[in-house]
Every structure is written in C-alpha cells, then in structure tokens.
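All remarks here apply to the structure that follows.
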Amino acid sequence: MRTMFKNLLVNRDANVATMFALCLGPLLAVIGATVDYSQISNLRSRAHQASDAAVLAAANSLMSEGIVSAGSEGNPDETQRVLEFLNSEIPKYYEANMYHSARHSFSGYEIGYEPVTGNIELTVSYDYNPWIMGIFDQNLIGVGVTSSVNVEVEQGGAISMFLVLDSSGSMGWQDRMTSLKTAVGQLNVQFAQTDPDKEFVRAGAIAYSHYAHRTFRLEWGFEGVNRHIQRLAPGGGTNSSRAMSIAYRELDQTREITEHEKKNGQQPSKILVFMTDGANSRSRYDRYTKRTCDQAKRDEIAIYTVAFQAPEAGKKLLQYCASSSSHYFDADNAAELLDAFRQIGAAAAEALALSK
C-alpha cells in the first residue's frame, strides 16, 4: 500500500491536462469579467452622454417656453407643470441620443425637480445581461447614471469658442476627415440645444495644412462653423503655428468681450480647440505653436486638444498645449473622436449643466 501511494505522488502522467482543467474555470471567469465590465463601462459612458444632452435640452425648453418663471419658487401649480413637462420631454431627448444593444434592457427613468433651487435631475437605469459571466450564475447587472442641470443658471453662461483643425493630406486616410466632420456636427447639435436663440455662444474656426486656411470669424451660434468645416478637403503638409496664432488673436481681442456685453451682459469663457492627426513638418512650427499656447493660457483661454490617431510627436505637442491633462484627448478611432468632441461640448456648456 505504501509503495502504491508513493507511486501516485511521483507519477506525472497527464499533469498538464489536469492543471489546465483546474485553471480553466478561473481563467474563463477572469476573461468573462474583463469583457463584461468593458461592455458595462461603454454602456455607462454612452448613457451619461445621452442623459447630459437630455437634461440640457429639457432645461432649455423649460426656459424658452416660459414654463419656469422668476420668483415662483415653491409654487405648487408651476412645480406640477414642470414635472409633467419633464416626464413628457426628457424620454424623447434621451432616446434621440441613445442607441440600445441586445445585451442590456432599459429599466426606467427617475426624474426629479427641486423648485427652490431649480435643479433638474435625471437617473437612467439598465439591466445588463452578461456575455460570459452568466455561465457562472452571474445574473443581470444593474447599471445607472445620473445627470443634473440647474434651470436658474441656464442663461448665465457665455462662451466664445474657436476651432483649429488639421486638414492635411493624412486626414484623407481611413475616412478621418469624415469622422472629424461628424464630430463637429455633433457639437453643432449640442449648442443648438443649449443656445437655440444664439444669445450666449459665439464660434469661429480655422483649418490648417502646411499653411493656415481661410479664417471663419467668430459669430453668434455654431451653425456657420459647422457649414465651414463640412466643406473642408484634406491635402498638404502640417504646420499648426500660423492657425493657432490667428485663433488666439481672434479670441483675445477686446471686441469679443464687447459683443457679449451688448448681447447678454456676460463675460465669456474663452475656449480654443486644437486638433491634429499628425506632427508638424518642422520643429520650429512646434516652438511657435507652444509660444501661442503659453500666451493663451496666460490670458485664461482654456485649450482643449484632440490627437486623432496622431504619432508620438503630435501627441506631445497637444499634451503641452492642453490646459490640463483632463483637457487632452487621445482618440484612436472615429468613436473616440466623437466622444472627445462630445465631452468638449459638455465642458463648454458647464455653466448650463453639471453631471455627476
């Protein structure tokens, strides 16, 4: 008996298969958790973007249609009208900005309104059906996001934004220019929702290749910028220095403050959006661009930068120019580019909306 037991201990036949079988379950669990939680994170991100847009649009409609009036805090009749309106309109706005997947099911909306503070809150919930974790008896996973907006602040924001966009030859590869135009179109939708009467947002743009293209001067609303960008065609090398200098001067001029004072009585937040898919053709172009970025930061112009499938040299320049690490976006594909511009649009309207 003792000899047989010793033989079992030293026997190595089929050990690899045995160990693989023992490890297979935990390995599948880890892979399943990684896949499923990646899907959950993607769902949460898309739902948050859609809920931000929904509360912004609903708050704007409340003000523009006169449903909320000054000095009526706590009026029960108005509060009831507001809640009825929100419950009717928010789902429409949300569904227009959100697409669904077979892997999750919508649980419902929770819509709240605080009449004293003027705060609107939207919570959306989903039940996610795991891809692989279900094998291990992991049932539906709840996913929820919350966004809020204050209707009393809705008319307090004023923005001047200037886009500096790469239109060099490489933007013609892999539909990059098409993706950029889609992203700018999304910004146009966001600003149309938050400032439909073109009273608080002024926007301008310039494209660049090896030279600075025609400047679209700052004007009220975002529609003109969108039309200008939709006509861009890729071609040429890369030199961001001149275009960045023009954008800075446009934002920094005294006339820009005067325009807002006459229209809305506000001091505008100034925003510069700098995007490239490449690197400057000469090192001196980087030096000139950095000099402009330094000047803009000193003058309290917020700089958002977007690297779209850019090489390391292009990324380093954009990281330098960004006002902070949270102002820099590294987009590897069209979906990430669109998401970056959505986030910039939401940040630009931060006087109108606050997301949790």
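The values are calculated or read from the model by the stated rules, or taken from the named source; none is laboratory data. Model, not experiment: these values are computed from the prediction. Positions of Cβ are backbone-derived with ideal geometry, glycine not excepted, and every protein chain shown enters the neighbour counts.
If we scan the stretch 328-341, do we find a residue that is aromatic (F, W, Y) and more than 15 Å from the chain's Cα centre (by Cα)?
No, the conditions are met nowhere in the stretch 328-341.
When you go through K290, K270, K262 one by one, which is the residue that is surrounded by fewer than 17 Cβ atoms within 10 Å (Cβ to Cβ), closer than 30 Å to L338 by Cβ and charged (D, E, K, R)?
K290
Here is a list of conditions, (1) at pLDDT 80 or above; (2) within 25 Å of R342 (Cα to Cα); (3) touching a helix residue (DSSP H, G or I) at 6+ places or on another chain (Cβ under 8 Å), and D36 meets all of them except one; can you say which number that is?
(1)
Determine whether A207 is out of contact with any Ser or Thr (no Cβ under 7 Å at 6 or more places or on another chain) and not hydroxyl-bearing (S, T, Y).
For A207, the condition - out of contact with any Ser or Thr (no Cβ under 7 Å at 6 or more places or on another chain) and not hydroxyl-bearing (S, T, Y) - is not met.
Which number in (1) touching a strand residue (DSSP E or B) at 6+ places or on another chain (Cβ under 9 Å); (2) part of a loop (DSSP other than H, G, I, E, B); (3) not hydrophobic (A, V, I, L, M, F, W, C) marks the one condition that N280 misses?
Against the list (1) touching a strand residue (DSSP E or B) at 6+ places or on another chain (Cβ under 9 Å); (2) part of a loop (DSSP other than H, G, I, E, B); (3) not hydrophobic (A, V, I, L, M, F, W, C), N280 comes up short only on (1).
Considering only the stretch 315-338, state which residues are under 11 Å from F274 (Cβ atoms) and assigned to a strand (DSSP E or B).
Scanning the stretch 315-338 gives Y328, F329.
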